[in-house]
Every structure is written in structure tokens, then in C-alpha cells.
1. To the nearest 0.05, what FRET efficiency results for M95 and T56 with a Förster distance of 25 Å applied to their C-beta separation?
2. Show which aspartates and glutamates lie in cross-link reach of K284 when reach means a straight Cα distance below 16 angstrom and same-chain residues fewer than eight apart are skipped.
3. Using the 2.2 N^0.38 Å rule of thumb for compact globular proteins, work out how the chain stacks up: its C-alpha Rg over that value, please.
4. Find the all-direction average of the projected area of the Cα convex hull for the range 94-194, expressing the result in square nanometres with one decimal place.
5. Could you go through the range 81-97 in sequence order and give the Karplus-derived ³J(HN,Hα) for each residue, using 6.51 cos²θ - 1.76 cosθ + 1.60 with θ = phi - 60°, rounded to whole Hz, and x for Gly and Pro?
6. Hull surface divided by four, with the convex hull built on the Cα atoms of the range 186-260: how many nm²?
7. How high is the FRET efficiency from A259 to D194, r the C-beta distance, R0 25 Å, rounded to 0.05?
8. How large is ³J(HN,Hα) for each residue in the range 220-232, as worked out from phi by the Karplus curve 6.51 cos²θ - 1.76 cosθ + 1.60 (θ = phi - 60°), to whole Hz, x for Gly and Pro?
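What follows draws every value from the coordinates through simple rules; no lab data is involved. What you see is a predicted model; the values in this text were computed from it and never measured. Counting neighbours? That spans all protein chains shown, and the Cβs are built from the backbone with ideal geometry, glycine included.
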Amino acid sequence: MAPRPTKNAISLAAWSINQSFFKHNRWKNIDLPKICRDEFGIIGIEFVNQFFDFPTLNNLSKLKQAGKDYGVNFVLIMIDNEGDMAAVDKSERMMAARMHRKWVDIAHYLGCHAVRCNLGGPRENWQADKDIVSRAAESFRDLLDYARGANLNVVIENHGRASSNPDTLVALMKTVNDPNFGTLPDFGNVNPGDNPEEVTRKLVPYAKGISVKAGWQADGTHPRYSVENCLKICLEAGYSGYWGIESSFAYNRDAKVSADEQWANESKGVLLTKQVIEKVVFKKG
């Protein structure tokens, strides 16, 4: 069994600073250990596969060394765009499972404990899909069999549509029933009309990580839901491990801001979220 880390610590989901990467080319994947330590005082990284330039052994070894140099742990890799794990066509979903394997290998080499996957499934009328759990169970079992050789966990984040229906993810956890399979509850990724606290409460018993999603307003408030309450729900459920910051501040996809302004906003979002985690989990402040 691949255990999740049990010592409470804060990690940075690289997606928190994605606009500085995509719009302004301010940093590269290899810069993340330095950014975590020097900019934010954070000791864990949650990578995103989209940020890897060329995952050759040479580049990966440099990244691994950077983690050692800055004393930063590599927690997991978030995997996107590698196929639909719940596709109706069996050959398509099993190909997706196989396409994820290279990231299992990379996560293992870097010393991560998990890879984060997406459930997939239909984009339209997903509520009517009665077979999604049985289909996804087949492809995730295949991926778990492969990941077992690397002693790696496979986790699913609530990431919209069927995956953000907590009952669907819980049913999948129970169907697959594998100790290396779990959830990555995201506080913000809930379907319209759902309560983030209730979604978190249902998913956290299977959690092998927590995505502390926070979308801060320009005035520093967070009106959409209570990040503190969601954190407390996780603690009450007995969760301990990495608390992954996935934040934004005054986010506007179409806004024209300079590279420095963008970085300042992203940094504010990370630090505000870090403060809440420290207050609730570590009882600071």
C-alpha cells in the first residue's frame, strides 16, 4: 500500500501561478522549488503535467536536484489532457489509462506519492450517464495495477460535471476498493447549486490530499464559501498530510495586466490562502 504523507505541511499547486507561466513566461517548471521556498516559505510542490517542457531524464534529474537544493518535497503530479478515463468506447478509455503511465513513471522518479487524474465522461447531460462508475472502474483498475509497481497512489479531484458529483466519486471509490485509490477534494470545484462544505464532507474520508481552492476578491475577501469551514471539516474527518494551495486573486481571464501585476496578484492569492491554512490547521495567528 502506498500511504499518503501523514505529517501536516503546506504545498503549492503550481496551477496557482499558471497565468504567469502561460501569459508571461515568467518561470519554468525547474524554478518551482526556488519559488516555493524563497517566495512563499512552502515546502511542498504539486506539479501540473502541462508545465513540463521536455520530461527527459536529464531535465527530470535537474528538477529533482533543485528540490533537494531548496529542501522542497515533490507531492504529486496533476495530469490533464491524457484522454478520457470514462469514455464510452472501451479502447478509448483503456488508451487513456495507458497514456497516464508515463506520468506515473515520472512521479515515481521525482519521489511523489501520487498522481492526480480526472474522471472524464460526457460533457453534456452527464447526469443521465448511469454507467460511468463501471466504465471508470475498469480503466482506473488498469492504471492502479501499473502504479502499484511504483508504490504510487492514484487520486481523483472533483473537477467539474460528473466528477464534481461527490456521490459518483464515492461510488467509484467503493467499486474499485483499492488502498492506493483516493480522492483529492477541491473546495471550489462543485456543481451549480451544491454546497462546497457538503461536497468536502463526502469526499474527505477517501482523501489522500486536499486542494485548498480559494478565489480571493480584490479587497481580500472570499465570499463564495468559507475556506476555514472546509479546512475544519477535513480536520474533523481525521485528515492529515499536505494541504495544497490552489489559489487566485482578483482573477480576470481577459484583464490586461503587466507581468509584474499578474505575479503580484498570484502571490497575494497564495499568501492569503497560506494564512488561512496556518490559522486553522497549525493554529498560528
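1. Once the sixth-power term is evaluated, E becomes 0.60.
2. Excluding near neighbours in sequence, the set is E228.
3. 0.96
4. Computing the convex hull of the Cα atoms and averaging its projections yields 6.4 nm².
5. 6, 10, x, 9, 6, 10, 4, 5, 6, 4, 4, 5, 6, 6, 5, 4, 4
6. 6.2
7. Computed FRET efficiency for A259 and D194 comes out at 0.10.
8. x, 9, 9, x, 5, 6, 8, 4, 4, 5, 5, 4, 5
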